[in-house]
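**Student:** The following block contains the structure, expressed as structure tokens.
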Amino acid sequence: MAYSLIAPALILILVISVWSVLQSFYFSMFDLKLNSPTKSETHLSYSFDLERYLDNYPFLVGGIDNEIRNGHAKEDLQRVKYDLQALDKEIQKNSEIAKNYDIVNDRLLNMEKVDPSIAILKIDKKTAKNFQQSSEKIAKTIKLISKKTKLSQGKKIVGLSSAMNQVVVEPTFIGFKHYEDNLTDKRMWRALGNTFTFTVISVFLELVLGLAIALLINKAFVGRGLIRATILIPWAIPTAVSALMWKYLYDGQNGIVAMIFEKLGLVDSMSNLLTSQAGAMFSVIFADVWKTTPYMALLLLAGLQTIPSSLYEAASIDGATKWKQFTSITLPLIKTSILVALLFRTLDAFRVFDLIWVMTGGGPANSTETISILAYKTMFSQTNFGDGSAISVIVFVCVAIISMIYIKFLGRDLLGDRSGK
């Protein structure tokens, strides 16, 4: 009965979370690059692009015939033509290619769209390698002929012969190479270091300040409701909006916060906040603490509300000081709330993207580039989906490790595991 009741939630988690992680892991095993025609899809075996081949082969043969008729390198080009025709016959020995050869060719001649299912055909490795070697040899021969003899359509013929090398689509499966490259990449480790620095400092400050604010607004005083609502304003502002607002406040020429920091002696110059490495990291942490501290305070306030006031009254009668009450009553009883607040905020801070992206873009000199920003740049700016997916999986693994650490050392009461095993 218990499993049947939680089955809908488990199915939802599997569909939304687990499936996306598995899909990212699958893509990370391939050399996927959207800016490369031969690597824009996952390929486990060699394939032959019949459409691309027939877009080049007839025109290449026609160009060579035209040069032969004009008497340009007649003997050399005739041998090249024989090699091309022999290569064409060899390719058509494949039953699938022979079956679709005329169909694809007719559609191309009639300017019709060619379905990839009849144009991209699987071939064995031996056939693929033989075609690549032969086409490369032909392309080199044509280049040499073009250099020695002035051909009327030399550039066209050289271009068509070079394009023949792209007809064979090689497997994009590379296994764990992306992970090997990332784990030895200094930029990735620096991004992880920036992420941990941002996470540890910001979450620590938010916990301390959030607990102080929670203790304050938990007291009964006039206007408490208004104060609680006012404190939540920074959290209610969309992250992109608040990041842009802080970017203006940090501006090296007109930013009022930058000017105040310079007058207080915190920075040597107003422009250092966003243009120096230390200043940029300080700026994004300060902005994050301003925005997210109310969220931490709200979670901790919920825990404080569950503590009976009678416990404090009894402790006061026994002569316990305020500090003793805080350490003996408040902290132990809000341990679960602290765990939840720390866990949520740590995971959220570790995945930070929008705040830093709007404020610094990861600069200067990648000094504020987090692992999420690196994944975004790799996946979308460089259109390297394979490597970007590998970085995303690394982020997932780090998040999972952080969650296990919290639950292991702070979550025994939350899980009901008092034995510590």
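**Student:** Report, by residue number, each residue of the range 116-128 that is surrounded by fewer than 17 Cβ atoms within 10 Å (Cβ to Cβ), more than 32 Å from the chain's Cα centre (by Cα) and in contact (Cβ under 8 Å) with a residue 12 or more places away in the chain.
**Tutor:** Scanning the range 116-128 gives Ile118, Asp124, Lys125.
**Student:** Also, quick follow-up: Which members of the range 83-115 meet the condition of being without any contact (Cβ under 8 Å) to a residue 12 or more places away in the chain, in a helix (DSSP H, G or I) and more than 24 Å from Lys140 (Cβ to Cβ)?
**Tutor:** Passing the criteria: Ser95, Ala98, Lys99, Asp102, Asp106, Arg107, Leu109.
**Student:** What pairs come out if I take residues in the range 198-218 that are more than 11 Å from Leu342 (Cα to Cα) and pair them with residues that are open to solvent by 60 Å² or more (accessible area, probe 1.4 Å) and basic (Lys, Arg) whose C-beta lies under 8 Å away, six or more apart or interchain?
**Tutor:** Short answer, once both residue conditions are applied: Ile217/Arg224; Ile217/Arg228.
**Student:** Can you name the condition, by its number, that Val167 falls short on among (1) in contact with a Phe, Trp or Tyr (Cβ under 8 Å, 6 or more places away or on another chain); (2) open to solvent by 40 Å² or more (accessible area, probe 1.4 Å); (3) not hydroxyl-bearing (Ser, Thr, Tyr)?
**Tutor:** It is condition (2) that Val167 fails.
**Student:** Now, a different point. Between a first residue in the range 320-334 that is among the hydroxyl-bearing types (Ser, Thr, Tyr) and a second residue that is assigned to a loop (DSSP other than H, G, I, E, B) and open to solvent by less than 80 Å² (accessible area, probe 1.4 Å), which pairs have beta carbons less than 8 Å apart while being 6 or more apart in sequence or on different chains?
**Tutor:** Taking only residues 6 or more apart or on different chains, the pairs are Ser328/Ala320; Thr330/Ile307.
**Student:** Also: Test Leu22 against the stated conditions and say whether it is open to solvent by 40 Å² or more (accessible area, probe 1.4 Å), of a type in the set (A, V, I, L, M, F, W, C) and not in a helix (DSSP H, G or I).
**Tutor:** No, not satisfied.
**Student:** I'm told Ser316 meets every condition in (1) in a helix (DSSP H, G or I); (2) closer than 30 Å to Phe176 by Cα except one. Can you identify the failing condition by its number?
**Tutor:** (2)
Okay, residues lined up against (1) in contact (Cβ under 8 Å) with a residue 12 or more places away in the chain; (2) closer than 25 Å to Thr195 by Cα:
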| site | (1), (2) |
| --- | --- |
| Ala240 | yes, yes |
| Ala243 | yes, yes |
| Leu249 | no, yes |
| Ile260 | no, no |
| Lys263 | no, no |
| Val267 | yes, yes |
| Leu274 | yes, yes |
| Thr292 | yes, yes |
| Ala302 | yes, no |
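Table: residues versus (1) modelled with pLDDT of 85 or more; (2) surrounded by fewer than 18 Cβ atoms within 10 Å (Cβ to Cβ).
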{"residue": "Leu60", "(1), (2)": "yes, no"}
{"residue": "Asn66", "(1), (2)": "yes, yes"}
{"residue": "Arg79", "(1), (2)": "yes, yes"}
{"residue": "Asn110", "(1), (2)": "yes, yes"}
{"residue": "Ser135", "(1), (2)": "yes, no"}
{"residue": "Lys143", "(1), (2)": "yes, yes"}
{"residue": "Lys148", "(1), (2)": "no, yes"}
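**Student:** Something else now. Residues Gly303, Gly361: which one is open to solvent by less than 30 Å² (accessible area, probe 1.4 Å) and touching a Leu at 6+ places or on another chain (Cβ under 9 Å)?
**Tutor:** Gly303
**Student:** Also, quick follow-up: Among the candidates Thr383, Thr368, which residue alone is within 30 Å of Gly252 (Cβ to Cβ), under 19 Å from the mean Cα position of the chain (by Cα) and modelled with pLDDT of 85 or more?
**Tutor:** Selected residue: Thr368, the only one of Thr383, Thr368 that is within 30 Å of Gly252 (Cβ to Cβ), under 19 Å from the mean Cα position of the chain (by Cα) and modelled with pLDDT of 85 or more.
**Student:** A further question on this structure: Does at least one position in the range 283-300 carry a residue that is of a type in the set (A, V, I, L, M), farther than 21 Å from Ala212 by Cα and in a helix (DSSP H, G or I)?
**Tutor:** Yes, the conditions are met somewhere in the range 283-300.
**Student:** Tell me, which residue of the range 379-398 that is farther than 17 Å from Gln23 by Cβ and not in a loop (DSSP other than H, G, I, E, B) is most open to solvent (accessible area, probe 1.4 Å)?
**Tutor:** This residue is Ser381.
**Student:** For Asp49, indicate whether it is open to solvent by less than 60 Å² (accessible area, probe 1.4 Å), touching a helix residue (DSSP H, G or I) at 6+ places or on another chain (Cβ under 8 Å) and without any contact (Cβ under 8 Å) to a residue 24 or more places away in the chain.
**Tutor:** For Asp49, the condition - open to solvent by less than 60 Å² (accessible area, probe 1.4 Å), touching a helix residue (DSSP H, G or I) at 6+ places or on another chain (Cβ under 8 Å) and without any contact (Cβ under 8 Å) to a residue 24 or more places away in the chain - is not met.
**Student:** Take the residues in the range 40-77 that are assigned to a helix (DSSP H, G or I) and of a type in the set (Val, Ile, Thr), then tell me which one is nearest to the chain's Cα centre (by Cα).
**Tutor:** Applying the filter and picking the extreme gives Val61.
The values are calculated or read from the model by the stated rules, or taken from the named source; none is laboratory data. Treat the numbers as computed from the prediction; the structure is a model and nothing was measured. When we count neighbours, we look across all protein chains shown, and the Cβ atoms used for this are built from the backbone with ideal geometry, even at glycine. Surface accessibility is based on the protein's heavy atoms, side chains included, excluding ligands, DNA and RNA. Shrake-Rupley method; radii C 1.70, N 1.55, O 1.52, S 1.80 Å.
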